[in-house]
Amino acid sequence: MSNFVDEAQLNVRGGDGGAGCISFRRESHTPKGGPDGGDGGSGGDVWLQADRNVASLLAFRDHPHRRGPSGTHGSGNQRHGASGADLTVYVPEGTTVRHHETDSIIADLVGHGDRWLAARGGRGGKGNARFLSNARRAPTFAEQGEYGEERWLRLELRLMADAALVGFPNAGKSTLIAAVSAAKPKIANYPFTTLVPNLGVVRFRDHEFVVADIPGLIEGAAEGRGLGHQFLRHVERTRVLVVLLDLAPMDGRSPEDQERILLDELGRYKPELLTRPRVVVGTKADVAQFETEHPSISAVTHQGLDELMGQLGTLIEAARGSEPTPETYVVHRPIEEGFSVTRESDGAFRLAGRSAERVVAMADLTNIEALDYIHQRFRKMGVEKALARAGAREGDLVRIGDIELEYVEGL
């Protein structure tokens, strides 16, 4: 079984925040001292970071869950809980992060060190010492810790090779990469031997570059036939294309037909691939059944390999020199501010927005003082007026996240 995995599902969850503490000073000289409950620590964030030492997404195939450490609870004497450390999840360079449901691209981690916040940790709850005021001398409530953010993601790896070997199955790609590099791909005389890409580092004279042996394309690959899309995406980031034409094809297809179909598939998948520098060569010159106008090579006898590697090295150096520095593409999620009020089909009102939901999610709804505090916070935020403008009346149901509250006028 291959150890190369280029697609994986990932579940990330930020650490939960610790709860605030309800505590009062109890000393010999102050038997009824003031509140001294400490705050809970915040949960750790989960970050994705590109690392050149990670070769594939194999680590996520059997273990797709990553969770940030939770914060600890606060305690008496105003001792605050410790925050959970951030968790960094390392992925290969060239990893694209997609939304699990919409399939939209959220982040593209191109180079070593590129990082993206995948899941925020929950905020720690405030201890009762935070709620001391002139009107509230002995607060008997504290905030609960906020749950960490959780989401499913889809990871895709697009190889970042200098040159990609493109051809039909059994065109000699694996034999060629084995002949010019230290890579040891599986080689056999039947189609689809290569089911995952192989990478090889080529050192030729003053040149050093990475060649990718892309699994064989078939007609219809651009429409996803076979494993077409999975294979073709690895061609996207390569600087130079090497189109291999089988001069001894098992199906008798001529080199001209092979070239026409291969270029058509590349162009239909991404038209700009046809503008990339490319080299077209015939393979298996030692057992050729066809002739071609293009140069011919034999990976077995090494015929023409020096000329091909020299040409590739020159093209790759020119491509490297003309391209801009790759930039990390990240869709930054703005922090939600404010709230909204909508009417639902059953007549209840929905109060949405991170700030409003957080007030309720972190409160102890069994405590009368805590409920009173929620009403005060909502009044300051303008929630009461917004509900009234939306038509809320005494006794109406108000939903906030998973919580349902009864609307009371004038609170």
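I need a count of the residues in the stretch 257-283 that are touching a residue at least 24 places away in the same chain (Cβ under 8 Å) and farther than 18 Å from ALA164 by Cα.
Matching residues across the stretch 257-283 total 0.
When you go through VAL210, VAL242, VAL196 one by one, which is the residue that is at pLDDT below 65 and among the aliphatic types (A, V, I, L, M)?
After ruling out the rest, the residue left standing is VAL196.
Limited to the stretch 58-73, what total is found for residues that are crowded, with 20+ Cβ neighbours inside 10 Å and farther than 26 Å from GLY20 by Cα?
Here the count works out to 1.
Would it be correct to say that ALA118 is assigned by TED's automatic domain parsing to the domain that holds LEU10, part of a loop (DSSP other than H, G, I, E, B) and modelled with pLDDT of 90 or more? Show your work before the answer.
Working: assigned by TED's automatic domain parsing to the domain that holds LEU10: yes; part of a loop (DSSP other than H, G, I, E, B): no; modelled with pLDDT of 90 or more: yes.
For ALA118, the condition - assigned by TED's automatic domain parsing to the domain that holds LEU10, part of a loop (DSSP other than H, G, I, E, B) and modelled with pLDDT of 90 or more - is not met.
Within the stretch 375-397, track down each residue that is assigned to a helix (DSSP H, G or I) and surrounded by fewer than 19 Cβ atoms within 10 Å (Cβ to Cβ). Give the steps one after another, and end with the answer.
Restricting attention to the stretch 375-397, the residues satisfying the condition of being assigned to a helix (DSSP H, G or I) are 375-381, 383-389.
Across the stretch 375-397, the qualifying residues are HIS375, GLN376, ARG377, ARG379, LYS380, MET381, GLU384, LYS385, ALA386, ALA388, ARG389.
Specify which of the listed residues (ARG98, ARG123, ARG79, ARG130) is of a type in the set (Lys, Arg) and over 15 Å from GLY18 (Cβ atoms). Working first, answer last.
Working: ARG123 fails: over 15 Å from GLY18 (Cβ atoms); ARG79 fails: over 15 Å from GLY18 (Cβ atoms); ARG130 fails: over 15 Å from GLY18 (Cβ atoms).
Sole residue among the options that is of a type in the set (Lys, Arg) and over 15 Å from GLY18 (Cβ atoms): ARG98.
Is it true that some residue in the stretch 123-143 is crowded, with 22+ Cβ neighbours inside 10 Å and not in a loop (DSSP other than H, G, I, E, B)?
yes
Could you list all residues from the stretch 103-128 that are farther than 30 Å from GLY145 by Cα and polar (S, T, N, Q)?
Of everything in the stretch 103-128, just one residue is farther than 30 Å from GLY145 by Cα and polar (S, T, N, Q), namely SER104.
What about ILE187, is it surrounded by 19 or more Cβ atoms within 10 Å (Cβ to Cβ) and either over 30 Å from HIS73 (Cα atoms) or modelled with pLDDT under 75 (or both)?
Values: surrounded by 19 or more Cβ atoms within 10 Å (Cβ to Cβ): no; either over 30 Å from HIS73 (Cα atoms) or modelled with pLDDT under 75 (or both): yes.
Spelling it out, it is not the case that ILE187 is surrounded by 19 or more Cβ atoms within 10 Å (Cβ to Cβ) and either over 30 Å from HIS73 (Cα atoms) or modelled with pLDDT under 75 (or both).
Given the conditions (1) under 32 Å from the mean Cα position of the chain (by Cα); (2) at pLDDT 90 or above; (3) not assigned by TED's automatic domain parsing to the domain that holds GLY382, and given that LEU351 satisfies all but one, which numbered condition is not satisfied?
(3)
Kindly indicate which of GLU7, GLU27 is of a type in the set (Asp, Glu) and either closer than 26 Å to ARG233 by Cα or in contact (Cβ under 8 Å) with a residue 60 or more places away in the chain (or both).
Values: GLU27 fails: either closer than 26 Å to ARG233 by Cα or in contact (Cβ under 8 Å) with a residue 60 or more places away in the chain (or both).
One residue alone meets the criteria, GLU7.
Please state which of the following conditions ILE400 fails to meet, knowing it meets all the rest: (1) modelled with pLDDT of 85 or more; (2) over 39 Å from the mean Cα position of the chain (by Cα); (3) surrounded by 12 or more Cβ atoms within 10 Å (Cβ to Cβ).
(2)
Tally up the residues in the stretch 272-303 that are touching a helix residue (DSSP H, G or I) at 6+ places or on another chain (Cβ under 7 Å), assigned to a loop (DSSP other than H, G, I, E, B) and over 20 Å from ASP257 (Cβ atoms), please.
Of the residues in the stretch 272-303, 5 are touching a helix residue (DSSP H, G or I) at 6+ places or on another chain (Cβ under 7 Å), assigned to a loop (DSSP other than H, G, I, E, B) and over 20 Å from ASP257 (Cβ atoms).
Quick one: which residue in GLY84, GLY113 is in a loop (DSSP other than H, G, I, E, B) and buried (at least 21 other Cβ atoms within 10 Å of the Cβ)? Please lay out each step first, then the result.
Working: GLY113 fails: buried (at least 21 other Cβ atoms within 10 Å of the Cβ).
Result: GLY84 is the single residue among GLY84, GLY113 that is in a loop (DSSP other than H, G, I, E, B) and buried (at least 21 other Cβ atoms within 10 Å of the Cβ).
Could you figure out which of (1) among the β-branched types (Val, Ile, Thr); (2) over 26 Å from ALA135 (Cβ atoms); (3) in a helix (DSSP H, G or I) isn't true of VAL360?
Condition (2) is where VAL360 drops out.
Out of ASP396, ASP364, report the one residue that is outside the structural domain of GLY127 (by TED's automatic domain parsing) and under 27 Å from ASP16 (Cα atoms). Break it down stepwise before answering.
Working: ASP396 fails: under 27 Å from ASP16 (Cα atoms).
Of ASP396, ASP364, the one residue that is outside the structural domain of GLY127 (by TED's automatic domain parsing) and under 27 Å from ASP16 (Cα atoms) is ASP364.
Might you check whether a residue that is buried (at least 18 other Cβ atoms within 10 Å of the Cβ) and in a loop (DSSP other than H, G, I, E, B) occurs anywhere in the stretch 94-108? Give the derivation first.
Step one: of the stretch 94-108, the residues buried (at least 18 other Cβ atoms within 10 Å of the Cβ) are 94-97, 106-108.
Pick out the ones that are also in a loop (DSSP other than H, G, I, E, B) and you get 94.
Checking the stretch 94-108: at least one residue is buried (at least 18 other Cβ atoms within 10 Å of the Cβ) and in a loop (DSSP other than H, G, I, E, B).
The values are calculated or read from the model by the stated rules, or taken from the named source; none is laboratory data. The structure displayed is predicted, hence computed values, not measured ones. Don't worry about glycine lacking a Cβ; one is built from the backbone with ideal geometry, like all the others, and counts go over all protein chains shown.
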